[in-house]
Amino acid sequence: MTNEPVPVIALVIPVFNEQAGIRQHLHQIHQQAASGEVACQLKLVVVDDGSTDGTAAELQRLEEEMDALQVIHFTRNFGKEAAISAGLAAVAESADAVILLDSDLQHPPSLIPRMVQLWQAGAQVVEAYKTSRGDESKATKMFARIFYGLFHRLAGLRLEGQSDYKLLDRQVVNTYLACPERHKFFRGLIQWMAYPTARLPFEVPPRQAGQSQWNRLKLLRYALYNITAFSSLPLALIFWMGLFSLLIGCLVGAIALYQKIQGLSLTGFTTVILLVIFFGGLIMLSLGIVGHYLARIYDEIKGRPGYIIRTPRKSQTRKASEIR
Ligand code: UDP
Ligand code: MG
């Protein structure tokens, strides 16, 4: 009999206001993850992303009951991407592979044993991709399609069908954590790294309890943020728009001059109004795009931590490693 150490697999689960189902869901995730034939040591790391309902208290109780569970609490809601980073940072040293999944069972935990097998067969990333988008509204599905189309054209990465449900080898986790930007786009960055990847299809089941934390505005901001994080093409487009409008301006100017010399000039008031509105709009749009990139640079350069971990009061000194 060989005495090989079993791999440590950490499940990282971001959680925000999931009081209604968190207890049952965590038990279910743990049970299904452990049901595979592959021998491994399981760890569950739940990141409480500043929940304002009873989630934090419930998680504290669960932490005492479940040996494999570790809970990290944020001081406030920093967003799912920050929770992912905090979870990965917490397990980077101890886990051989990390699996990221949602707490609402929309990422079926029954896939976990298969993911681990694919990892053991050599894949450094195992991504579960959606064959259907579940019970989302038509508008949300269309929004997603536009976002993925734009993302592909502007950033050159195909994210269609992708989810945050992924297994990452320890090396991938370390590369991810070494990326210095504070605002990260998990799905985009993992694909951009292009480690050997295995894919596993799944259908998104309906949410099991509570409700999605995303509204349209939040989604739109998220989409804009991520597109501009991966592409500076909108800035280049301003140059081409400027060049194009300069050419049009030259043409219209030449015609106006010709008509003036010929004594044919009309009272072109409407033309003037239209030109002012058109070019005014174009200039404001261009300024907006430049402003957006400037704001992003400002956000990054401030260097504030992407999240802050709330530690129990007994340890008054906060370790530097807890702020990232
Ligand atoms: N979540 C989070 N922080 C947030 C919003 C959501 O940690 O600000 C968690 C949430 O608790 C869930 C996962 O991220 O475990 C996915 O969220 P949700 O189900 O709302 O997203 P959807 O499935 O609609 O994409
Ligand atoms: Mg969900």
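If only one of Phe151, Phe186, Phe147 is among the aromatic types (Phe, Trp, Tyr) and either on the phi > 0 side of the Ramachandran plot or away from ligand 1 (no atom under 14 Å from the Cβ) (or both), which one is it? Quick ask: steps written out before the conclusion?
Working: Phe186 fails: either on the phi > 0 side of the Ramachandran plot or away from ligand 1 (no atom under 14 Å from the Cβ) (or both); Phe147 fails: either on the phi > 0 side of the Ramachandran plot or away from ligand 1 (no atom under 14 Å from the Cβ) (or both).
Sole residue among the options that is among the aromatic types (Phe, Trp, Tyr) and either on the phi > 0 side of the Ramachandran plot or away from ligand 1 (no atom under 14 Å from the Cβ) (or both): Phe151.
Return the residue satisfying two criteria in turn: it lies in region 285-309 and is part of a helix (DSSP H, G or I) and of a type in the set (Phe, Trp, Tyr), and of such residues it is nearest to Thr75 (Cα to Cα). Walk me through it before giving the result.
To start, the set of residues in region 285-309 that are part of a helix (DSSP H, G or I) comprises 285-302.
Next cut, of a type in the set (Phe, Trp, Tyr) only: 293, 298.
On the way: Tyr293: 28, Tyr298: 23 Å.
Applying the filter and picking the extreme gives Tyr298.
Against the conditions (1) more than 24 Å from Arg182 (Cα to Cα); (2) in a helix (DSSP H, G or I); (3) within 16 Å of ligand 2 (Cβ to nearest atom), where does Gly134 fall short? Just the number, please.
(2)
Determine whether region 203-215 contains at least one residue that is surrounded by 10 or more Cβ atoms within 10 Å (Cβ to Cβ), closer than 30 Å to Thr131 by Cβ and touching a strand residue (DSSP E or B) at 6+ places or on another chain (Cβ under 8 Å).
Checked against the condition, which is being surrounded by 10 or more Cβ atoms within 10 Å (Cβ to Cβ), closer than 30 Å to Thr131 by Cβ and touching a strand residue (DSSP E or B) at 6+ places or on another chain (Cβ under 8 Å), region 203-215 yields at least one hit.
Does Glu58 count as acidic (Asp, Glu), in contact (Cβ under 8 Å) with a residue 12 or more places away in the chain and within 16 Å of ligand 2 (Cβ to nearest atom)? Walk me through how you get there before you give the answer.
On the way: acidic (Asp, Glu): yes; in contact (Cβ under 8 Å) with a residue 12 or more places away in the chain: yes; within 16 Å of ligand 2 (Cβ to nearest atom): no.
In short, no.
With the requirement that a residue be within 13 Å of ligand 2 (Cβ to nearest atom), closer than 18 Å to Ala144 by Cα and among the hydrophobic types (A, V, I, L, M, F, W, C), what does region 203-218 give you?
Val204, Trp214
Would you list the strands (runs of 3 or more DSSP E) that sit entirely within region 30-129 and hold 2 or more residues that are of a type outside the set (A, V, I, L, M, F, W, C) and within 24 Å of the chain's Cα centre (by Cα)? Before you say what the answer is, go through the steps one by one.
Numbers: elements: 41-48, 69-73, 97-100.
The strands (runs of 3 or more DSSP E) meeting that bar are 41-48, 69-73.
What number of residues within region 6-29 are closer than 22 Å to Val125 by Cβ and part of a helix (DSSP H, G or I)? Don't jump to the end; show me each part of the working.
Looking only at region 6-29, we keep the residues that are closer than 22 Å to Val125 by Cβ, and these are 6-14, 29.
Filter once more, so that each one left must be part of a helix (DSSP H, G or I): 29.
Matching residues across region 6-29 total 1.
Could you pull out the residue among Leu251, Leu224, Leu282, Leu246 that is assigned to a helix (DSSP H, G or I), without any contact (Cβ under 8 Å) to a residue 60 or more places away in the chain and surrounded by 13 or more Cβ atoms within 10 Å (Cβ to Cβ)? Steps first, answer last, please.
Details: Leu251 fails: surrounded by 13 or more Cβ atoms within 10 Å (Cβ to Cβ); Leu224 fails: without any contact (Cβ under 8 Å) to a residue 60 or more places away in the chain; Leu246 fails: surrounded by 13 or more Cβ atoms within 10 Å (Cβ to Cβ).
Answer to the check: Leu282.
Does region 32-41 include one or more residues that are at pLDDT below 95, among the acidic types (Asp, Glu), farther than 17 Å from Thr311 by Cα and loosely packed, with under 14 Cβ neighbours inside 10 Å?
From region 32-41, those at pLDDT below 95 are 32-41; that's our starting set.
In the following step, the residues that additionally are among the acidic types (Asp, Glu) were identified as 37.
If we keep only those that are farther than 17 Å from Thr311 by Cα too, we end up with 37.
Restricting the remaining residues to those that are loosely packed, with under 14 Cβ neighbours inside 10 Å gives 37.
Checked region 32-41: at least one residue is at pLDDT below 95, among the acidic types (Asp, Glu), farther than 17 Å from Thr311 by Cα and loosely packed, with under 14 Cβ neighbours inside 10 Å.
Taking region 191-202, which residues are within 30 Å of Arg23 (Cα to Cα) and either within 16 Å of ligand 2 (Cβ to nearest atom) or under 15 Å from the mean Cα position of the chain (by Cα) (or both)?
Just the residues of region 191-202 that are within 30 Å of Arg23 (Cα to Cα), to begin with: 199-202.
Result: Phe202, single match.
Quick check: is even one residue across region 162-169 away from ligand 2 (no atom under 16 Å from the Cβ) and either out of contact with any strand residue (DSSP E or B) (no Cβ under 7 Å at 6 or more places or on another chain) or charged (D, E, K, R) (or both)?
Let us first name the residues in region 162-169 that are away from ligand 2 (no atom under 16 Å from the Cβ), namely 167-169.
Imposing the further condition that a residue be either out of contact with any strand residue (DSSP E or B) (no Cβ under 7 Å at 6 or more places or on another chain) or charged (D, E, K, R) (or both) reduces the set to 169.
Checked region 162-169: at least one residue is away from ligand 2 (no atom under 16 Å from the Cβ) and either out of contact with any strand residue (DSSP E or B) (no Cβ under 7 Å at 6 or more places or on another chain) or charged (D, E, K, R) (or both).
Hey, Gly263 hits all of (1) under 30 Å from Trp119 (Cβ atoms); (2) not in a helix (DSSP H, G or I) but one; which does it fall short on?
Only one criterion is unmet by Gly263, namely (1).
If I filter region 157-201 down to residues being free of Cβ contacts under 8 Å to residues at least 12 places away in the same chain and part of a loop (DSSP other than H, G, I, E, B), which single residue comes out as farthest from Pro113 (Cα to Cα)? Walk me through how you get there before you give the answer.
Our first condition is that a residue be free of Cβ contacts under 8 Å to residues at least 12 places away in the same chain; within region 157-201, this holds for 178-180, 194.
Checking the rest, the ones that are also part of a loop (DSSP other than H, G, I, E, B) come to 179-180, 194.
Numbers: Cys179: 29, Pro180: 32, Ala194: 23 Å.
Top of the filtered list is Pro180.
Restricting attention to region 219-232, does a residue exist that is more than 16 Å from ligand 2 (Cβ to nearest atom), over 20 Å from Ala144 (Cβ atoms) and not β-branched (Val, Ile, Thr)?
Our first condition is that a residue be more than 16 Å from ligand 2 (Cβ to nearest atom); within region 219-232, this holds for 220-221, 223-232.
With over 20 Å from Ala144 (Cβ atoms) added as a condition, the list becomes 232.
Subset that is not β-branched (Val, Ile, Thr): 232.
Checked against the condition, which is being more than 16 Å from ligand 2 (Cβ to nearest atom), over 20 Å from Ala144 (Cβ atoms) and not β-branched (Val, Ile, Thr), region 219-232 yields at least one hit.
So which residues in region 1-45 are of a type in the set (Val, Ile, Thr) and within 15 Å of ligand 2 (Cβ to nearest atom), if there are any at all?
Filtering region 1-45 down to residues of a type in the set (Val, Ile, Thr) leaves 2, 6, 8-9, 12-13, 15, 22, 29, 38, 45.
If the condition is that a residue be of a type in the set (Val, Ile, Thr) and within 15 Å of ligand 2 (Cβ to nearest atom), then Ile13, Val15, Ile22, Ile29 are the ones that fit.
May I ask you to list pairs of residues, at least six apart or on different chains, whose Cβ atoms are under 7 Å apart, with the first in region 206-217 being at positive phi and touching a residue at least 60 places away in the same chain (Cβ under 8 Å) and the second being part of a loop (DSSP other than H, G, I, E, B) and surrounded by 11 or more Cβ atoms within 10 Å (Cβ to Cβ)?
Between residues of region 206-217 that are at positive phi and touching a residue at least 60 places away in the same chain (Cβ under 8 Å) and residues that are part of a loop (DSSP other than H, G, I, E, B) and surrounded by 11 or more Cβ atoms within 10 Å (Cβ to Cβ), the close pairs are Gly210/Asn17; Gly210/Glu18; Gly210/Ala20; Gly210/Gly21; Gly210/Asp104.
The values are calculated or read from the model by the stated rules, or taken from the named source; none is laboratory data. Values in this document were obtained by computation on a predicted structure and should not be read as measured data. Here Cβ is always computed from backbone atoms with ideal geometry, including for glycine, and neighbour counts include all displayed protein chains.
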